[in-house]
Amino acid sequence: MRYFLFPLFILLFTKAYGQDVQPVEVIKSDRQVTELLDELGNHEIKLDVIDFLTQPALNIGYEKINDSYSSYGADVFFNFNDNNSSTSWSARFSLNPFYRFYFLNKTDFGGEGYFAEIFIKFSNIEYNRETYNNDPMPNEPYSTTEEIKVWDIAPGFGVGRKWVNKKGWTFEYMVGVGRFLFANNGNDDCTNCGYDVNDNRPEATFKGGISIGKRF
């Protein structure tokens, strides 16, 4: 009987001990995240693949990971489109400094997850200004078109998300919008002068895309 009770006691003790064991979740501290960030690198170069593949345009960005929760950098945009064939692409060149706040999904590498971004665009813009003559003289055209080139500044805001793998390759998407500071209302009428002006200058600007990058 004693030989039977001893194995039974061992079985009950093992079962009771096993029920007390709880799974342990390892939470990485900020120090460990910083060490992983230093190992992977806190500089990043990226290319917007949408601009590169769908348009004759190039958008190259640099980002410096400040810490696990923030970063800063700048994008440079070159537009090789013909202005006459792409009226929606008014910016010929833009420099876009930004500052990002990462939140909700801070992971091992830092500078990853959902983010909010504030930016300011310094843009060289091309657009067409159309002038309509309400009372043209004989042999005078009713309308004329003039190509205008100006510089403007647009502060803005955007949101997006970024992923980073263990090799340091990054993938992100982002969408944002800004407003030009010196844009007019787009239409200037001069009734007493005998002409109307249709100014196609944009008042808002878009910033965003899908980018692939590399940490170093």
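Computed quantities for the displayed model
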item: Residue check for Thr87: within 29 Å of Glu172 (Cα to Cα), modelled with pLDDT under 85, out of contact with any Phe, Trp or Tyr (no Cβ under 9 Å at 6 or more places or on another chain) and not hydrophobic (A, V, I, L, M, F, W, C); result: no
item: Residues (out of contact with any helix residue (DSSP H, G or I) (no Cβ under 8 Å at 6 or more places or on another chain) and touching a residue at least 40 places away in the same chain (Cβ under 8 Å)) located in region 150-165; result: Val150, Ala154, Gly156, Phe157, Gly158, Val159, Gly160, Arg161, Lys162, Trp163
item: Whichever residue in region 168-216 is out of contact with any helix residue (DSSP H, G or I) (no Cβ under 9 Å at 6 or more places or on another chain), at pLDDT 90 or above and in a loop (DSSP other than H, G, I, E, B) and, among such residues, is surrounded by the fewest Cβ atoms within 10 Å (Cβ to Cβ); result: Leu181
item: In region 34-49, residue surrounded by the fewest Cβ atoms within 10 Å (Cβ to Cβ) [restricted to those that are of a type outside the set (S, T, N, Q) and at pLDDT below 90]; result: Glu39
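The values are calculated or read from the model by the stated rules, or taken from the named source; none is laboratory data. If you're wondering where the values come from, they're calculated on a predicted model, not measured in any experiment. As a convention, Cβ positions derive from the backbone with ideal geometry for all residues, glycine included, and neighbour counts pool all protein chains shown.
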